Amino acid sequence: MSEPIRICAADDVPKGTAIRADVDGAEIAVVHADDGNFYAVRDECSHAAIPLSEGEVDGCTLECWLHGSRFDLRTGEPTGLPATEPVPVYPVDVRDGDVYVSLTPSNGVTR
Ligand code: FES
């Protein structure tokens, strides 16, 4: 389990939006979902190399803008075609108003 790394202030990511962060060379999408929780996934669609952080947050999913696959932010699983492979999900901690991410995927996807 890797050490949590501070990414940003929670206020930097308004509810319903996502930001892109470079964490030790890994591109991460940090998402403030509609359920009020923060999530982090690899910032690359599993269908093609499109940053998911440029997509739409909808409920607990992040939608890729290119072909519309949605990824469940809790599991990384796509909920619709054309993507069929999950994306890595990273554990997020919100402490004292700051967002921390660990780079060990919680869903076992390391691709
Ligand atoms: S590139 Fe994301 S769904 Fe095709």
With the label point 7 Å along the Cα-to-beta-carbon line of Asp96 and a cut-off under 20 Å to each amide N, the hits in region 1-29 are 3-13
Accessible carbon and sulfur surface of region 5-101 relative to its total accessible area, %, 1.4 Å: 44
How big is region 5-101 along each principal axis, measuring the range of its Cα positions in Å and listing the largest first? 39, 28, 19
Per residue, how much accessible surface does the chain expose to a 1.4 Å probe? Answer in Å², no decimals. 50
Which whole-number percent is the relative contact order of the chain (Cα, under 8 Å, 6+ apart)? 26
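Can you give the extra length, in nm with one decimal, that the chain gains between His67 and Ala48 once fully stretched, where that is 0.36 nm per residue apart less the Cα-Cα distance? Mind showing how you got there, number by number?
Working: separation 19, 0.36 × 19 = 6.84 nm, distance 0.95 nm.
That pair, His67 and Ala48, stretches by 5.9 nm at full extension.
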Between region 1-59 and region 67-107, what is the C-alpha centre distance in whole Å? 8
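The values are calculated or read from the model by the stated rules, or taken from the named source; none is laboratory data. As the structure is a computational prediction, the values presented were derived from the model and not from experiment. All Cβ positions, glycine included, derive from the backbone under ideal geometry; neighbour counts span all protein chains shown. Please note that ligands, DNA and RNA were not included when accessible areas were found on the heavy atoms of the full protein model with its side chains. Shrake-Rupley method; radii C 1.70, N 1.55, O 1.52, S 1.80 Å.
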